[in-house]
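Novice: Okay, here's the structure, questions in a sec.
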Amino acid sequence: MSILGVEIRRSAALGAALITVLAGVGALYVAPARWSGGLMSLALVTREYLLLMWPLALAAGAWQGRREHRSNVAELFGTTARPPVQRMLPVLGAMALTLGSAYLLVTAAGVARIASSAGYLPLLGFTVVTGVGALSLIAAAWLGLGIGRLLPVPATAPALGVAGVLFVSFSMFLRPEWLAAALSPIHGTSQFHAYQTIDNRVSGALAIWLALLAVAGLVLFVADSWRTRTAALVPVLLGLAGAVAVVPRDPAVLDAPVDPVAREMVCTEDAPTVCVSRVNARVLDDLAPLARDGLVALAKLPDAPTAVHEDTSTYGRDGETPSRDDVVEVPVRIDKYGGLAHPDVVAVEVVRGLGVPVDIECRQHHEAVDRAAAYWLLGREPRSDVGLIPGMIQEDFELNAEALALWNGLREVSAEEALARVTAVRDAKRACEDTSELLSRSSR
């Protein structure tokens, strides 16, 4: 342990770990809203930032690997009776311990922020995804050590850093997709929905590849002859074969798979019922009164919905739950602190579709008509979605001007006539019929 401590203090291990922590934590806190949704979101985003940390570990290993050549002590060490493996184990241990710990510290920095707000705790999945991330840095460092000792020139470390960026970036686009899942440290980390996870079989395949890649780096680092260095190809090939044999081929497992427990509904005990997914259960108390305001407005229509559920669709990545006429589905957004984002939008989104489930194949209704009808039910003047709903574009102001004109038309007729027109719009939406003229003409 004393030798290991000396190596940690005197080698590049501690500096490499510090740079890795700074890069990882800095990247996390530049956009905390990306991972404030919970532990699995944090684990995925941290793994995604291996795009930064993996090349750093690879370059650090290469820099450390040329130490004997840089110090001109290779021949001196070669004359000692001590086996090369025994001499180099402390260096390997120092790099593994510090860089593995660096990855865990980056993750811990994220956990500290969301510990009080994370309601759903998928501890097994979180531990596996995080563990594979730490293993990937160890593999990169050991591979860098081996290549650095094989090519002990100053250009090796920066060249490997660039190569590491290219490998991590392009490996996730390998085809077929199962090959990318088996080889890329960041495959499956781009988030498409709040219930996303990484299948443990995919993590297992990647762990096999990374572990044997680390073994290949170890062999290169301790080898004293070209024959032994050539043997480093054996663990690479074994790792590739093992990962390919283990990784699943099912696209549903590879392409943003859903954690069914995270998507389970958690509902209020009192009526009207408001439900959110388990992963977002912490915002249910804040969401419920706002959603119920929308239901009160919808109740002006005959046969209006009586419940609000979070929209848990994942856009074709798995089987979707069937829509119900008595339920309004709305998106639930989480802010960078883990709370409910954009609360002013909730009631508007409950009313916006007039309680009609969205049919992708039915696009005959008019956006301005929907907005005018929804805001008339809410008793508010229509507002542009720009600045209200994230991602809206400036053209929405023109749409809102049209909705405002239709809304003013509803105010000029009697409440009964206006309600009849809005009801006609709702019924036309259900029948997948054109709604563009229904607010501006009599519905009688």
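Novice: Identify all residues within segment 155-175 that are open to solvent by 30 Å² or more (accessible area, probe 1.4 Å) and either part of a helix (DSSP H, G or I) or in contact (Cβ under 8 Å) with a residue 60 or more places away in the chain (or both); write none if there are none.
Specialist: Those that are open to solvent by 30 Å² or more (accessible area, probe 1.4 Å) and either part of a helix (DSSP H, G or I) or in contact (Cβ under 8 Å) with a residue 60 or more places away in the chain (or both): 158, 159, 162, 163, 165, 166, 167, 169, 170.
Novice: May I pose another question? What is the residue count in segment 210-251 for residues that are part of a helix (DSSP H, G or I), free of Cβ contacts under 8 Å to residues at least 60 places away in the same chain and more than 23 Å from residue 141 (Cβ to Cβ)?
Specialist: 4
Novice: Consider segment 296-315. How many of its residues are of a type in the set (Gly, Ala, Ser), open to solvent by 20 Å² or more (accessible area, probe 1.4 Å) and under 14 Å from residue 326 (Cα atoms)?
Specialist: Matching residues across segment 296-315 total 2.
Novice: Restricting the first residue to segment 108-128 and requiring it to be under 12 Å from residue 282 (Cα atoms), which pairs with a second residue that is open to solvent by 40 Å² or more (accessible area, probe 1.4 Å) meet a Cβ separation below 8 Å and a spacing of at least six or different chains?
Specialist: What qualifies is 117/282; 117/337; 118/282; 119/278; 119/282; 120/261; 120/278.
Novice: On to the next question. Mind listing just one residue for me: the one in segment 433-444 that is open to solvent by less than 60 Å² (accessible area, probe 1.4 Å) and of a type outside the set (A, V, I, L, M) and, of those, modelled with the lowest pLDDT?
Specialist: Looking at residues that are open to solvent by less than 60 Å² (accessible area, probe 1.4 Å) and of a type outside the set (A, V, I, L, M), I get 443.
Novice: Next question, about the same structure. Restricting the search to segment 1-27, which residues are open to solvent by less than 20 Å² (accessible area, probe 1.4 Å) and either of a type in the set (Phe, Trp, Tyr) or closer than 24 Å to residue 116 by Cα (or both)?
Specialist: Across segment 1-27, the qualifying residues are 24, 27.
Novice: Look through segment 277-286, keep the residues that are of a type outside the set (Val, Ile, Thr) and within 23 Å of the chain's Cα centre (by Cα), and return whichever of them is farthest from residue 40 (Cα to Cα).
Specialist: Looking at residues that are of a type outside the set (Val, Ile, Thr) and within 23 Å of the chain's Cα centre (by Cα), I get 284.
Novice: If you take the residues in segment 28-66 that are open to solvent by 20 Å² or more (accessible area, probe 1.4 Å) and among the charged types (D, E, K, R), which one is farthest from residue 115 (Cα to Cα)?
Specialist: 66
Novice: Let me ask another. Anything in segment 252-271 that is among the small types (Gly, Ala, Ser), surrounded by 16 or more Cβ atoms within 10 Å (Cβ to Cβ) and either touching a His at 6+ places or on another chain (Cβ under 7 Å) or outside any helix (DSSP H, G or I) (or both)? List them, or say none.
Specialist: Listed by number, the list holds a single entry, 256.
Novice: Could you check how many residues of segment 176-209 are open to solvent by 30 Å² or more (accessible area, probe 1.4 Å) and outside any helix (DSSP H, G or I)?
Specialist: Going through segment 176-209 one residue at a time, the tally reaches 6.
Novice: Shifting gears a bit: Among (1) at pLDDT 85 or above; (2) in a helix (DSSP H, G or I), which single condition is residue 397 missing?
Specialist: For residue 397, the exception is condition (1).
Novice: Go over the candidates 285, 325, 293, 344 one by one and state the one that is in a loop (DSSP other than H, G, I, E, B) and open to solvent by 70 Å² or more (accessible area, probe 1.4 Å).
Specialist: After ruling out the rest, the residue left standing is 325.
Novice: Across segment 101-128, which residue is farthest from residue 202 (Cα to Cα) among those that are in a loop (DSSP other than H, G, I, E, B) and touching a helix residue (DSSP H, G or I) at 6+ places or on another chain (Cβ under 7 Å)?
Specialist: Only one residue tops the list, namely 117.
Novice: Can you tell me how many residues in segment 404-432 are surrounded by 15 or more Cβ atoms within 10 Å (Cβ to Cβ) and acidic (Asp, Glu)?
Specialist: Of the residues in segment 404-432, 1 are surrounded by 15 or more Cβ atoms within 10 Å (Cβ to Cβ) and acidic (Asp, Glu).
Novice: Moving to a separate point now. Just to be sure before I move on: is residue 274 over 27 Å from residue 45 (Cβ atoms), in a strand (DSSP E or B) and touching a strand residue (DSSP E or B) at 6+ places or on another chain (Cβ under 8 Å) in the structure I sent?
Specialist: It is true that residue 274 is over 27 Å from residue 45 (Cβ atoms), in a strand (DSSP E or B) and touching a strand residue (DSSP E or B) at 6+ places or on another chain (Cβ under 8 Å).
Novice: Also, quick follow-up: If I go through segment 54-103 residue by residue, how many of them are under 20 Å from residue 44 (Cβ atoms) and either modelled with pLDDT under 80 or out of contact with any Gly (no Cβ under 9 Å at 6 or more places or on another chain) (or both)?
Specialist: Residues in segment 54-103 being under 20 Å from residue 44 (Cβ atoms) and either modelled with pLDDT under 80 or out of contact with any Gly (no Cβ under 9 Å at 6 or more places or on another chain) (or both): 1 in total.
Novice: Restricting attention to segment 25-65, which residues are of a type in the set (A, V, I, L, M, F, W, C) and under 30 Å from residue 152 (Cβ atoms)?
Specialist: 50, 51, 52, 53, 54, 56, 57, 58, 59, 60, 62, 63
The values are calculated or read from the model by the stated rules, or taken from the named source; none is laboratory data. Everything numeric here is computed off the predicted structure, so don't read it as measured data. No Cβ is skipped: glycine too gets one built from the backbone with ideal geometry, and neighbour counts run over all protein chains shown. What goes into the accessible areas is simple: the full protein's heavy atoms, side chains included, and nothing from ligands, DNA or RNA. Shrake-Rupley method; radii C 1.70, N 1.55, O 1.52, S 1.80 Å.
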